[in-house]
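A quick write-up on the structure given underneath.
Every read-out reported here was derived from the displayed coordinates using simple, explicitly stated rules and does not represent laboratory data. Just so you know, these numbers come straight off a predicted model, no measurement behind them. For neighbour counting, all protein chains shown are included, and Cβ atoms are generated from backbone atoms with ideal geometry for every residue, glycine included.
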Amino acid sequence: MDYEEVKRLYDGYCFEGTIHIYSPRSVVSAMLTHSYDNFWNKTETFEALRDYIILNYKGLRDTVTELLAGAYKRINTATFTNDMTTFSSADDVLTLLIHLGYLGYDFKKKEVFIPNSEIASEFCNAVESAGWENLTDSIKKSEELLTATINRDTEAVAVGLEAAHIETSILTYNDENALSCTIALAYYSAREYYTSFRELPAGKGFADIVYIPRKNHPDKPALVIELKWNESAQGAIEQIKNRCYAESLKDYQGNLLLVGIIYNKKTKKHQCIIEQYHK
């Protein structure tokens, strides 16, 4: 079976000075059934994750939204009282989810993250069950947005991004990090086919978001996405070219699309330009 696919689904727990720790039963189940599946929900209590999310302490929804977009979030674990009933903040709930295995934790940076795609799918199920319709709607529409991007349907992409902006409006959108999180969540389905990178060192700067297709999806083009506000979409494309972002993918052989996305703070409108890049 494909090692990279197993890693994407079941890796994510790592302790300093050790190798990566996979979800052991999930890996064994995948090998025995010879299928890539979500085995977590067959061994853990889904209701536990849903019930803790429903508590919705202040800031919890914002944090879960950003975690689903692939972000790492700093939390304070010191206030956790080491039981499963006493909570005083969103950080207490997130700390419990670390103990339950639903979140990974970077000890050096004091940051939590969703460790792999298997657990991310559990979070998606939980937030839908918890009634966070706007967030789940954005995730469900992400496949359509990805298809529109690959087909270079810029009008459909702009409309899709505006909808995603409204559906994740709990984030402070006039901020580059929040804009990146919203875009990453809008392209949630891309993780099924791509390895994604945020702030990838490239050429003369950092590319905002880069999606590189995994080897078992050679039909998909790579995407280099540049995000701007109150500028022009063409300007975003020119920045990709002028700063040689595409050159960071010199080892990638295949189709490559340059995607410029602009958000206008006054009109609340998005614009998009997509160009085929020829090496």
**OP:** Give the order of His99, His34, His217 when sorted by the count of other beta carbons within 10 angstrom, beginning with the fewest.
**Re:** His34, His217, His99
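Can you tell me the FRET efficiency between Ile166 and Asn125 if r is taken as the Cβ-Cβ distance and R0 is 25 Å, rounded to the nearest 0.05?
Once the sixth-power term is evaluated, E becomes 0.65.
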Original post:
Once amide H atoms are built 1.01 Å from N in the peptide plane, which residues 5 or more positions from Tyr72, or in another chain, come under 5 Å H to H?
Top reply: none
Original post:
Roughly what would the spin-label model give for Tyr72 and Lys109, points 7 Å off Cα along C-beta, in nm?
Top reply: 0.2 nm
Original post:
Which length gain, in nm to one decimal place, applies between Asn242 and Asp37 when the Cα-Cα distance is subtracted from 0.36 nm times their residue separation?
Top reply: 69.6 nm
Subject >> Percent RCO, i.e. relative contact order, over the chain, from Cα pairs under 8 Å lying at least 6 residues apart >> reply: 13 percent
**OP:** Just grab the label-to-label distance for Asn56 and Glu155, each label 7 Å out from Cα along the Cβ direction, in nm (one decimal).
**Re:** 3.7 nm
**OP:** With label points built 7 Å along Cα→Cβ from the Cα atoms of Thr86 and Trp229, find their separation and express it in nm.
**Re:** 4.1 nm
Subject >> Length added when fully stretched, Asp219-Ile21, from 0.36 nm per residue minus Cα-Cα >> reply: 68.2 nm
**OP:** Report Rg (one decimal) and Dmax (nearest whole number) for the chain, counting Cα atoms only, units Å.
**Re:** 19.2, 57
Original post:
Once the piece of chain linking Asn264 and Glu144 is laid out straight, how much longer is it, given 0.36 nm per residue of separation minus the C-alpha distance between them?
Top reply: 40.9 nm
Subject >> the chain: antiparallel DSSP beta bridges as a percent of all, rounded to 5 >> reply: 75 percent
Subject >> With 10 Å bins from 0: P(r) over the stretch 3-129, alpha-carbon pairs, percent >> reply: 12, 45, 34, 9, 0
Subject >> Relative contact order for the stretch 3-129, counting Cα pairs under 8 Å that sit 6 or more residues apart, in percent >> reply: 29 percent
